[in-house]
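> Mind having a look at this structure? Questions to follow.
What follows is calculated from the coordinates using simple rules that are stated; it is not laboratory data. From a predicted model like this one, the values you see are computed outputs, not experimental measurements. Cβ atoms come from the backbone with ideal geometry, glycine included; neighbour counts cover every protein chain shown.
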Amino acid sequence: MELIYGTGNPAKLSFMKRALEGLPCEIIGLTEAALKMKIVLSEIEESGKDPLENAKIKARTYFNLFGKPVFSCDSGLYLWHYETGEMLPEALQPGIHVRGRGERRLTDEELIQHYTELVKKYGTVLARYKNGICLIFDEEHVYEGTGEELWGEPFLLTDTPHKKRIPGFPLDSISIQIDSGKYYYDLETDALDDVAAGKGFRKFFENCLGI
């Protein structure tokens with residue numbers, strides 16, 4: 001079965017292909033699907049209040065556009081004081097607005113500066129991505145999930161950026177694994193998969209596919 005992943009982000013597409021390797025489905029991204037069907041893509045307004053709502057908005061829009069099985073994911077970033085376990089003030093919670101609210105989105109360097117300043121002000125910050133997913137096979141078979149098994153693993157934010165930078169993923173350069181105390185960039189290649197997404201995505205698709 002061919003499943004369209006409603007994302008234009010090649011890193012997210014690669015992750016999902018790794019996560020679902022061996023399942024009876026072929027994952028293709030928006031760009032490939034649009035080229036195959038000669039469809040012009042347009043920007044989608046992600047107006048949901050949380051990751052699951054945004055995932056549902058995108059999945060429904062792409063299903064209506066392509067008329068084929070499609071799924072979309074969305075995530076939000078949430079922050080805590082590492083020492084006390086208390087959440088940072090609501091006004092400082094990125095949620096689904098990781099690059100800021102309003103029309104102007106922060107650049108990669110501005111984003112790094114913003115979060116390193118939070119660490120300098122509040123001390124070590126514990127962070128975690130919460131994810132939502134919506135899969136539409138057809139009108140009668142729509143599945144969604146946002147449970148903790150789909151969330152990324154908790155990690156720490158530091159105020160000292162790693163020298164390595166990957167465009168589009170600025171926070172990776174200030175992300176520290178809790179157990180090892182090392183930058184994720186200094187660990188094995190796929191270690192960052194655990195930060196962005198939980199291992200429950202495979203189980204979610206197995207359940208939806210009836211495996």
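> Scattering from the C-alpha atoms of segment 35-104 alone, worked out with Debye: what is log10 I(q)/I(0) at q = 0.12, 0.22, 0.24, 0.27 1/Å?
-0.46, -0.99, -1.08, -1.21
> Same structure again: What whole number of Å gives the distance from the Cα centroid of segment 22-50 to the Cα centroid of segment 161-177?
A separation of 26 Å, based on Cα centres.
> HN-Hα J couplings of segment 170-183 from phi, Karplus 6.51/-1.76/1.60, θ = phi - 60°, integer Hz, Gly and Pro as x?
In residue order, the calculated couplings are x, 5, 4, 6, 10, 9, 10, 6, 5, 5, 8, x, 9, 4 Hz.
> Sticking with this structure for a sec: How fast does segment 2-209 diffuse by Stokes-Einstein, in µm²/s, taking the Kirkwood radius from C-alpha pairs at 25 °C and 0.890 mPa s?
136
> For segment 95-211, I need the span (max minus min coordinate) of the C-alpha atoms along each principal axis, in Å, sorted largest to smallest.
Projected onto its principal axes, the Cα set of segment 95-211 covers 49, 37, 25 Å.
> Another question, if that's okay. At q = 0.13, 0.14 Å⁻¹, what log₁₀ I(q)/I(0) does segment 76-119 have when each alpha carbon counts as one equal point scatterer in the Debye sum?
Here log10 of I(q) over I(0) equals -0.29, -0.34.
> Order by neighbour count: CYS134, CYS25, fewest other Cβ atoms within 10 Å first, most last.
Fewest-to-most Cβ neighbours within 10 Å comes out as CYS25, CYS134.
> Using only Cα atoms, find the angle between the long axis of helix 51-66 and the longest principal axis of the chain, and express it within 0 to 90 degrees, rounded to the nearest 10.
It works out to around 30 degrees.
> In addition: Of the cross-linked pairs LYS56/LYS199; LYS68/LYS164; LYS120/LYS182; LYS17/LYS49; LYS58/LYS163; LYS58/LYS203, which ones have a Cα-Cα span greater than 30 Å in the structure shown?
Correct reply: LYS68/LYS164; LYS58/LYS163.
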